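Asks: I'd like to ask some things about the structure below.
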Amino acid sequence: MENQEEPERTEVSTSVRELLIKKHKEGMSLRSIGNLVGRTHSTIQTIISNCNKTGSAKFKQLSGRPRVFTDREENIIVRKVKQNPRLTLPQIASEMLEETNKTSSRFTVGRVLERNGYRNYRARKKPFISERNRKK
């Protein structure tokens, strides 16, 4: 048996959910609704049963703490580091406070940079070599 990757899951939009429920109430089968919108019948069944339980086609609230920064704001942080790699994390956090009015810790900024492929390195200390010694 080959090791296959699972396809990436995508959320079904609210308008599509409402369409699914409407078609189900009209008497259409789960498989034909699935073929109509390009989803499996089990997905359709789950959406309809969740709608029957909650009485709404809206999304459930996700668990976990919401992100501090949006994707766009994270891109701003990455851009700042690209322009000036010597900025410290507290400096970036204070600049983001001024720009977005969102308070964040240096650790939050560090996690954003780590997610985007940046690592925390300290510059190597290089000895001072005078002009006279460089010529030697």
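Here, each number is a calculation from the coordinates, and none is a lab measurement. Note that this is a predicted model, so its numbers are computed, not measured. Quick reminder, even Gly has a Cβ in these numbers, built from the backbone with ideal geometry, and neighbours come from all protein chains shown.
Asks: Set the Förster radius R0 to 35 Å, insert the Cβ-Cβ distance between T40 and R72 as r into 1/(1 + (r/R0)^6), and round the FRET efficiency to 0.05.
Replies: The formula returns an efficiency of 0.60 here.
Asks: Could you work out how far apart the two model spin labels at L62 and K102 are, taking each label as a point 7 Å from the Cα in the direction of the beta carbon, and quote it in nm?
Replies: 1.3 nm
Asks: Taking the C-alpha atoms of the range 8-136, how large are the radius of gyration and the largest Cα-Cα span, Dmax, in Å?
Replies: 25.9, 91
Asks: Give the cross-link partners of K53 among the lysines, using a straight C-alpha distance below 26 Å as the criterion and excluding same-chain residues fewer than 8 apart.
Replies: K22, K23, K25
Asks: Further question on the same structure: Explain nothing, just compute: Karplus ³J(HN,Hα) = 6.51 cos²θ - 1.76 cosθ + 1.60, θ = phi - 60°, for every residue of the range 92-97 in order, whole Hz, x for Gly and Pro.
Replies: 5, 4, 5, 5, 5, 5
Asks: Now, a different point. Quick check on the exposure proxy: order R111, R31 from fewest to most C-beta atoms within 10 angstrom.
Replies: Ascending number of Cβ neighbours within 10 Å: R31, R111.
Asks: How high is the relative contact order of the chain? Use alpha-carbon pairs under 8 Å, at least six apart in sequence, and give a whole percent.
Replies: Reported as a whole number, the value is 13 percent.
Asks: So, one more: Please return the longest stretch of the chain lacking exposed loop sites, where GluC sites (Glu not before Pro) count only if DSSP places them in a loop and at most 15 other Cβ atoms lie within 10 Å.
Replies: It runs 27-136.
Asks: Which part of the range 11-27 falls in the paramagnetic zone of T54, meaning amide N under 17 Å from the point 7 Å along Cα-to-beta-carbon?
Replies: Hits in the range 11-27 for T54 at 17 Å: 11-22.
Asks: Using Cα pairs closer than 8 Å and at least 6 residues apart in sequence, work out the relative contact order for the range 71-115, in percent.
Replies: Answer for the range 71-115 is 38 percent.
Asks: Taking the Cα centroid of the range 46-60 and of the range 110-134, what is the distance between the two, rounded to the nearest whole Å?
Replies: Rounded to whole Å, the Cα centres lie 53 Å apart.
Asks: Sorted by mean Cβ packing within 10 Å, highest first, what order do the peptides 36-44, 79-87, 121-129 take?
Replies: By packing density, highest mean first, the sequence is 36-44, 79-87, 121-129.
Asks: Separate question: Could you give the size of the charge dipole of the chain about its Cα centre, using +1 on the Cβ of each K and R and -1 on the Cβ of each D and E, expressed in debye and rounded to the nearest 20?
Replies: Magnitude of the dipole: close to 1080 debye.
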